[in-house]
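J.: Structure in structure tokens, see below.
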Amino acid sequence: MTETSIFIMIFGVSLASLLPRILPIALLSRVTFPPLLTRWLSYIAPAVLGALTAVSILAPEGALNISIDNIFIWAFIPTLYSAVKTRSLFITLIVGIICMALLYNLM
Amino acid sequence: MKNIELIEGMRDSIPIVLGYFPLGFAFGVLAAQVGLSVFQATMMSVLCFTGAGQYIAIGVVQAGGAIITAIIANILINMRYFLFATSMVPHFKHLPTLPASLLSYGLTDETYAVAVNRYQKHKASIAYMAGLNLTSHISWILSTFIGAALGMLIADTDKFGFGFALPAMYTCLLVLMISRKSDIIAAISAAVICIVIGYYLPASMSNMSNIIAATMIGATIGVLIND
């Protein structure tokens, strides 16, 4: 690719990533949503995190890998335990990273 | 008051920074490998703040594909932020629109989840958003720059366990997000649905459309159960 086309691509990707985040806040921030929509939106966060967690654990390389060879599943167990026990993002992250480092180097 | 909230936002971004660093670094290394200059790679992380989207764009460059392919893939991948941003609107009612809109550019899966967790107990503020979103974005830019400039010198980060930073973060944020019984049901439904869609339509895994569909269905199930 030429330098110009790389910059055109960067600009296009920038718009595609910028507009969906900015437009709702810019256009809707003075709009009051009906209660049913507000309730639906309150479930977006738990739902998307359920989906992201599942994909990041069960398809760590981009393709589904539901088997005992998938060390992400093993690391998930102590990580979930420390998340429930500590409710601390930082401690959970450290536990997860250490478990993964051990599994990666030992298995 | 403002300073405290700014610092709280920065503090809450520390786990995100830890998670982004290896990813931004790896992006910088890859971008340099496919022939982007250090400046181009860094500018990409300044102007686009979309991990998966940037990886795909780099893949398109490598394959010599059309620019429009990278852009369409990014429209699909970034569609979920439309949902996230819309779900933030009720929290932002009292904020000035312009800075709230501009700072929403720093909205990612991680900053979104941390912010939603924060707004359960605190009012949203521009200072907190700035601390959280800008620190996260700066770490993304910086790690890209380091990866593109020095990538060849440093061994792969997998063996240090950094590959699990984002999964660990999602796991904890998921736990923090659950306060109602219907939250658990919405989360588990979305998890199962996105895996099932990914199983039958593997292509949906790469553009993350399975996550968008599963999120919308999961949220609908949450509303139907409602407790």
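The values are calculated or read from the model by the stated rules, or taken from the named source; none is laboratory data. Only a predicted model underlies this, so the values are computations on that prediction, with no experimental measurement involved. So basically every Cβ, Gly included, is an ideal-geometry build from the backbone, and we count neighbours across all protein chains shown. With ligands, DNA and RNA removed, areas are computed over all heavy atoms of the protein, side chains included. Shrake-Rupley method; radii C 1.70, N 1.55, O 1.52, S 1.80 Å.
J.: Quantify how strongly other chains surround peptide B:63-70 by giving the mean number of their Cβ atoms within 10 Å of each of its Cβ atoms.
T.: Numbers: counts 0, 1, 2, 3, 9, 2, 1, 5.
Counting Cβ atoms of other protein chains within 10 Å of each residue's Cβ and averaging gives 3.
J.: Related question: 7 Å from Cα along Cα→Cβ at both residue A:33 and residue A:91: what's the point-to-point distance in nm?
T.: 3.3
J.: Can you tell me the relative contact order of chain A? Whole percent, Cα pairs under 8 Å, sequence separation 6 or more. Write down the numbers at each step before the final one.
T.: Working: 37 pairs, mean separation 15.5, N = 107.
It rounds to 15 percent for chain A.
J.: Taking all protein chains as present, what is the carbon and sulfur share of the accessible area of chain B, in % to the nearest whole number, probe 1.4 Å? Spell out each step's value before the answer.
T.: Numbers: 6910 of 9310 Å².
Here it works out to 74 percent.
J.: OK, next. I need the calculated FRET efficiency for the pair residue B:11 and residue B:66, taking r as the beta carbon distance and R₀ as 30 Å, to the nearest 0.05.
T.: Using R0 = 30 Å, I get an efficiency of 0.10.
J.: Now, a different point. When a/c is below 1.5 the answer is rounded, else prolate if a/b is larger than b/c, else oblate, so apply that to chain A with a ≥ b ≥ c taken from the square roots of the Cα gyration tensor eigenvalues. Don't skip to the end; give the middle numbers.
T.: On the way: a/c = 2.58, a/b = 1.34, b/c = 1.92.
Here chain A falls in the oblate category.
J.: Using only helices, what value at 222 nm comes out for chain A when you add -39,500 (n - 2.57) per DSSP H run of length 4 or more and divide by the total residues, to the nearest 500 deg cm²/dmol? Mind showing how you got there, number by number?
T.: On the way: 5 runs with 83 residues, N = 107.
Rounded to the nearest 500, the figure is -26000 deg cm²/dmol.
J.: Would you work out what percent of the accessible area of segment A:32-106, with all protein chains in place, is carbon or sulfur (probe 1.4 Å)? All intermediate terms of the calculation are to be shown ahead of the outcome.
T.: Values: 2710 of 3730 Å².
It is 73 percent, rounded to a whole number.
J.: If you don't mind, another one. How far is the Cα center of segment B:57-78 from the Cα center of segment B:141-215, in Å?
T.: 20
J.: Enter the mean number of other protein chain beta carbons within 10 Å of the beta carbon of each residue in B:12-25, as an integer. It would help to have the intermediate numbers written out before the result.
T.: Working: counts 2, 0, 3, 7, 2, 0, 5, 4, 0, 0, 1, 0, 0, 0.
Mean inter-chain Cβ contacts per residue within 10 Å come to 2.
J.: What list of ³J(HN,Hα) values in whole Hz, one per residue of segment B:165-172 in order, does the Karplus curve 6.51 cos²θ - 1.76 cosθ + 1.60 (θ = phi - 60°) give from phi, with Gly and Pro shown as x?
T.: 4, 5, x, 5, 5, 4, 4, 5
J.: Just need the relative contact order of chain B here, percent rounded to a whole number, with Cα pairs under 8 Å and 6+ apart.
T.: Numbers: 257 pairs, mean separation 75.1, N = 227.
Taking the mean separation of contacting Cα pairs over the length of chain B, I get 33 percent.
J.: In whole Hz and in residue order, list the ³J(HN,Hα) couplings for segment B:35-46 that follow from phi through the Karplus curve 6.51 cos²θ - 1.76 cosθ + 1.60, θ = phi - 60°; x for Gly and Pro.
T.: Per residue, the Karplus-derived 3J(HN,Hα) values read x, 6, 6, 4, 5, 5, 4, 5, 4, 4, 6, 6 Hz.
J.: Considering only protein heavy atoms, with the full assembly of protein chains and a 1.4 angstrom probe, order B:5, A:61, A:3 by accessible area, largest first. Don't jump to the answer; show the numbers that get you there.
T.: Numbers: B:5 30, A:61 160, A:3 125 Å².
Correct descending sequence by accessible area is A:61, A:3, B:5.
J.: Per residue of segment A:23-38, what does 6.51 cos²θ - 1.76 cosθ + 1.60 with θ = phi - 60° give for ³J(HN,Hα)? Whole Hz please, x for Gly and Pro, Karplus curve as stated.
T.: My calculation for segment A:23-38 gives 4, x, 5, 5, 9, 10, 5, 9, 8, 9, 7, x, x, 5, 5, 4 Hz in order.
J.: Would you mind getting me the FRET efficiency between residue A:105 and residue B:79? Use the beta-carbon distance for r and R0 = 35 Å, nearest 0.05. It would help to have the intermediate numbers written out before the result.
T.: On the way: r = 38 Å, r/R0 = 1.09.
So, using R0 = 35 Å, E works out to roughly 0.35.
J.: Any idea of residue B:122's accessible area? Nearest 10 Å², probe 1.4 Å.
T.: 90
J.: Follow-up question, since we're still on this one. Which number comes out as Rg/Rh for chain B once both Rg and the Kirkwood Rh are worked out on C-alpha atoms? Walk me through the numbers before you get to the answer.
T.: Numbers: Rg = 18.2 Å, Rh = 18.7 Å.
Dividing the radius of gyration by the Kirkwood radius yields 0.97.
J.: Compute the distance from the alpha-carbon center of segment A:70-107 to that of segment B:17-44, in whole Å.
T.: If you average the Cα positions of each part, the centres end up 26 Å apart.
J.: Follow-up. With a 1.4 Å probe on protein heavy atoms only, work out how much accessible surface A and B bury together, total over both chains, in Å² to the nearest 100. If you can, show how the numbers build up before the last one.
T.: Working: alone 9040 and 12730 Å², together 14690 Å².
Using a 1.4 Å probe, the pair buries roughly 7100 Å².
J.: With chain B treated as a Gaussian network of Cα nodes joined by springs under 10 Å, which of B:17, B:114, B:46 yields the largest mean-square fluctuation?
T.: Maximum fluctuation in the GNM of chain B, among the listed residues, is at B:46.
J.: Would you work out the relative contact order for segment B:4-87, in percent, from Cα pairs under 8 angstrom that are 6 or more residues apart?
T.: Across segment B:4-87, relative contact order equals 21 percent.
J.: Summing -39500 (n - 2.57) over the DSSP H runs of n ≥ 4 in chain B and dividing by its residue number, what mean residue ellipticity at 222 nm do you reach, to the nearest 500 deg cm²/dmol?
T.: Numbers: 13 runs with 169 residues, N = 227.
Roughly -23500 deg cm²/dmol at 222 nm, from the helical runs in chain B.
J.: Give me the number: length gained by fully extending residue B:153 to residue B:94, i.e. 0.36 nm times residue separation minus the C-alpha to C-alpha distance, one decimal in nm. Don't jump to the answer; show the numbers that get you there.
T.: Numbers: separation 59, 0.36 × 59 = 21.24 nm, distance 4.84 nm.
Contour length minus Cα-Cα distance gives 16.4 nm.
J.: A further question follows. Return the subset of B:121/B:181; B:123/B:159; A:85/B:93 for which the Cα-Cα distance in this structure is over 30 Å, preserving the input order. Write down the numbers at each step before the final one.
T.: Details: B:121/B:181 19 Å; B:123/B:159 40 Å; A:85/B:93 34 Å.
Violating the 30 Å limit, Cα to Cα: B:123/B:159; A:85/B:93.
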